[in-house]
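One structure below.
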Amino acid sequence: MILEVKDLKKYFPVKRGLMRLNAGYVKAVDGVTFSIGEGETVGLVGESGSGKTTVGKCIVRLLNPTGGSILFDNTDIAGLRPKGLKTYRKKMQIVFQDPFSSLNPRMTISDIVGEGLAIMGESGREKRVSELLETVGLSARDGSRYPHEFSGGQRQRIGIARALAVGPSFIVCDEPVSALDVSIQAQIINLLEELQAKFSFSYLFVAHDLSVVRHIADRILVMYVGKVMEEAPTEELFANPLHPYTKALFSSIPSLDPANRRGLSPIPGEPPSPVEPPPGCRFASRCPHATAQCAEGDIEFIEVSKNHKVRCVLYR
């Protein structure tokens, strides 16, 4: 395994009053465990606010975890200081969701893509940047231009080139296509697959759209209010979703196939507050199958079949 995340937690303090005293914590990520193999793509899906982006940012240490461990190449990087992290910055990179705000408008494309190389003290930067731009479907001549001169899809290609610059073995893709037109989304997903085949790195692909993740992920984690509710290989999850929350997500996906077309069923209710999450299952207040057992203690994450895990009392 290239990455093993164990019991990862990220709590954000809640400040209130004139004295800005600590009044509790937002438990954005509350005990997440998973692993990613070499050359594997793992999808992390869930509604907005489920904590999936926070997981990705903790892994690449843009956020400092509150607890748990992040084993990368068998080294726990969760508590490393900035100096110790520099080695791992070359190995772990991130592609951000918004291609408009993630690029510095005052820098040329050449400077943006080559910034990581400059920080790492790499030589031959100009040649490397030209090669990267060609690799992601742009022209070496584009290096002298600025971000505002490009479309959203082109900007995301620039963001991908920036992530590739230092030669990572693992990349977090934080909803890399959600801000793009549908016609452009397929191009970016195809590009990511081509790059993975060429360079053999691993992805954590964060998204809220299951239909997008299906095309790129080998395995999918379904996250809800800070916890992973279900984990399975992609085709297994689509063929046999077990957790009521996963089923609810599937029922909200529109289908263009007349044979599979069904009425959309929005998930009723609102997610519980991550500041004071309820005991037991966090989906219980919205679940049509909820029983008294659902509010009793922490629900165990169990394996119900090979590589298929679920956090639900229905499968105890």
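Below is a table of values for the structure above.
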{"read-out": "Mean Cα-pair separation over length for the chain, i.e. relative contact order, pairs under 8 Å, 6 or more apart, %", "value": "19 percent"}
{"read-out": "Listed peptides 186-192, 13-19, 235-241 by packing density, highest first (mean Cβ within 10 Å)", "value": "186-192, 235-241, 13-19"}
{"read-out": "Ratio Rg/Rh, restricted to the range 158-316 and using Cα atoms, in which Rh is the Kirkwood radius", "value": "1.00"}
{"read-out": "Order by protection proxy (mean Cβ within 10 Å, highest first), peptides 164-172, 134-142", "value": "164-172, 134-142"}
{"read-out": "Positive-pole candidate from PHE199, SER48, VAL136, dipole of the chain, charges at beta carbon", "value": "SER48"}
{"read-out": "Distance between the range 166-219 and the range 106-145 - C-alpha centres, whole angstrom", "value": "21 Å"}
{"read-out": "Cα-based Kirkwood hydrodynamic radius, the range 1-79, one decimal, Å", "value": "13.5 Å"}
{"read-out": "Efficiency of FRET from Cβ geometry, VAL275 and MET120, R₀ 45 Å, rounded to 0.05", "value": "0.70"}
{"read-out": "Label-point separation in nm, LYS198 to LEU62, each point 7 Å along Cα→Cβ", "value": "2.3 nm"}
{"read-out": "Where only alpha carbons of the chain are counted, the Rg and the Dmax (Å)", "value": "20.6, 64"}
{"read-out": "Cα shape, the range 143-193, gyration tensor, a/c 1.5 rule", "value": "oblate"}
{"read-out": "Cα-based Rg and Dmax for the range 7-147, where Dmax is the largest Cα-Cα distance (Å)", "value": "18.5, 54"}
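Here, each number is a calculation from the coordinates, and none is a lab measurement. Please read all numbers here as calculations on a predicted model, not as lab measurements. Using ideal geometry, Cβ is built from the backbone for each residue, glycine included, and neighbour counts are taken over all protein chains shown.
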